[in-house]
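See below for the structure under consideration.
The values are calculated or read from the model by the stated rules, or taken from the named source; none is laboratory data. Just so it is clear, the structure is predicted and the values come from calculations on it, not from any experiment. As a convention, Cβ positions derive from the backbone with ideal geometry for all residues, glycine included, and neighbour counts pool all protein chains shown. Surface accessibility is based on the protein's heavy atoms, side chains included, excluding ligands, DNA and RNA. Shrake-Rupley method; radii C 1.70, N 1.55, O 1.52, S 1.80 Å.
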Amino acid sequence: MRSRAGSLDLLLELDMAACPPRARRATLAAHLRAAVESGRLRPAATLPSSRVLAQELGVSRGTVVDAYGDLVAEGYLSARPGGSTTVTERREHPAAPEDAVRPPAIDLRAGAADLASFPFAQWSAASRAALAATPGSGLDYPPAAGAASLRGVLADYLARTRGVLASAERVVVCCGASHALAVVVDALVAAGRRRIAMEDPCLPRHREIAAARGAEIVAVPVDADGVRVDAVAAADPDALLVTPAHQYPMGVALHPERRAALAAWAREHDRLVVEDDYDAEFRHDPGAPGALHALAPDNVAYLGTLSKTLAPGLRLAWLVLPEPLVRPVVEAKRRSGAENSVPDQLAFAELVRSLRYDRHLRRMRAVFRRRLDRFTAALAAGVPHLPVTPISAGLHFVVGFPGAGPTEEAVLRAAARRGLKLHALGPCWHGEARSEGVVVGFGRPPEPAVDGAIGALVEVLLAADRSR
């Protein structure tokens with residue numbers, strides 16, 4: 001049967017009857033890919049629904065769904081749950097040499113959110129309800145600390161879910177986690193407290209933010225139990241940035257004895273601990289520990305964000321601060337010139353208040369637990385000689401490269417050829433790298449593309465390993 005996808009002039013003529021059933025998915029994907037690359041399907045063009053295209057081509061709906069999913073994974077198409085599938089908007093680039101690497105298409109970077117799982121319907125409902133209950137005056141310039149309604153909701157929510165006990169007056173809303181860290185460092189440096197310790201290894205961006213604001217960075221080592229408190233005490237910094245729930249990048253949780261020791265150190269020496277509650281929402285085992293903040297609320301600045309639970313584009317994060325630090329941080333935020341959207345603050349407050357946020361997190365925990373199992377099982381079968389760090393929380397893990405394994409450089413080259421985005425472990429170390437590996441994030445691929453992303457990762461690791 002020859003069929004023309006004429007409902008949106010896809011410019012495709014496919015003889016699917018002559019195509020073996022097992023090849024139909026790949027054939028359809030290849031035709032759509034060629035149409036995008038040739039410009040016949042232009043950026044932002046909307047494709048037919050899987051049901052409509054399946055009827056026109058005389059194939060199963062699953063064939064179309066799978067083909068669309070393959071092209072989403074490769075970056076040619078974009079999809080949203082319950083919405084349309086569109087051609088990804090791409091910037092024009094000069095023609096590349098024939099041997100140039102493929103543009104990145106599969107995103108396995110740590111810290112990337114699953115944007116396809118954003119709860120559009122729930123967010124829209126929360127936004128409508130919040131705005132309907134808000135008088136016109138409520139859309140005026142908000143207080144520098146953030147909308148009062150959101151600060152109150154956050155205080156209640158964090159007490160219920162993380163054991164963070166503080167009044168709304170100690171909550172400051174920020175424009176993302178990086179902004180939150182920046183204003184804390186600004187406040188500390190302004191008070192002459194420049195010596196800031198960070199875990200080694202850590203997120204390179206944290207070092208950049210603190211150093212750009214005049215802080216002196218001190219590295220303190222991390223082992224299987226988290227940051228070494230004895231090294232923190234020996235360094236005697238003014239403040240420490242720590243990720244106790246899920247250390248970045250090594251994935252370990254701070255051991256209970258060290259949590260207690262760190263809180264005692266902060267209280268005894270009147271030092272500040274900045275607790276980045278990284279990935280605490282996505283625990284993969286029962287009995288998750290509460291926030292470190294509960295052990296020393298007058299010495300811990302708690303930091304949370306929506307970057308992975310909802311979307312980084314919302315630019316919403318929050319700090320829960322010791323009372324003496326509230327005014328300096330609010331002033332630092334005011335000087336930064338960054339302000340949060342009032343409607344977004346009100347919508348998120350309603351999302352939490354209505355428990356829609358809780359339901360979304362429960363659903364995504366189950367999704368990510370299954371993804372983690374699929375990734376680790378595939379790696380154990382495909383590259384059993386490369387160790388994978390065990391994790392109890394979060395959306396990333398580290399694949400280590402022992403002496404006989406591939407190098408970071410070889411893996412990144414192979415990943416670029418395959419169109420795979422990865423982070424290397426090396427840049428996370430403060431000085432010379434003590435071990436090599438890649439930090440693999442499994443949060444970004446939409447669900448239909450997960451198996452393809454897993455296959456691409458194993459393929460890249462094997463290719464790099466063979467190149468040694």
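Summary table below
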| read-out | value |
| --- | --- |
| Label assignment, volume of the Cα convex hull per residue in Å³ derived from the structure, set [x] 151; [y] 169; [z] 252 | [y] |
| The range 112-253: radius of gyration and largest Cα-Cα distance (Dmax), Å | 18.6, 55 |
| Contact order relative to length of the chain, as percent, for alpha carbon pairs under 8 angstrom and 6 or more apart | 20 percent |
| Share antiparallel - DSSP beta bridges, the chain, percent rounded to 5 | 60 percent |
| Extension gain, residue 354 back to residue 132 (0.36 nm per residue minus Cα-Cα distance, nm) | 78.5 nm |
| Over the range 397-468, relative contact order from alpha-carbon pairs under 8 Å, at least 6 apart, % | 44 percent |
| Cα-based equivalent ellipsoid, the range 325-468: semi-axes from gyration tensor eigenvalues, Å | 36, 22, 14 |
| Probe 1.4 Å - accessible area at residue 269, Å² to nearest ten | 80 Å² |
| Relative contact order (%) - criterion: Cα under 8 Å, at least six apart; region: the range 143-272 | 19 percent |
| Two-site FRET efficiency, residue 338 against residue 17, from Cβ-Cβ distance with R₀ of 56 Å, rounded to 0.05 | 0.45 |
| Sequence of 293, 31 from largest to smallest accessible area, 1.4 Å probe | 31, 293 |
| Table column - 3J(HN,Hα) (Hz), the range 420-437, Karplus curve with 6.51, -1.76, 1.60, x for Gly and Pro | 10, 8, 9, 9, 7, 6, x, x, 6, 6, 5, x, 5, 4, 8, 7, 10, x |
| Rounded to 10°, Cα long-axis angle of helix 61-74 versus longest principal axis of the chain | 50 degrees |
| Potential lengthening between residue 331 and residue 120 on full extension [0.36 nm per residue; Cα-Cα distance subtracted] | 72.6 nm |
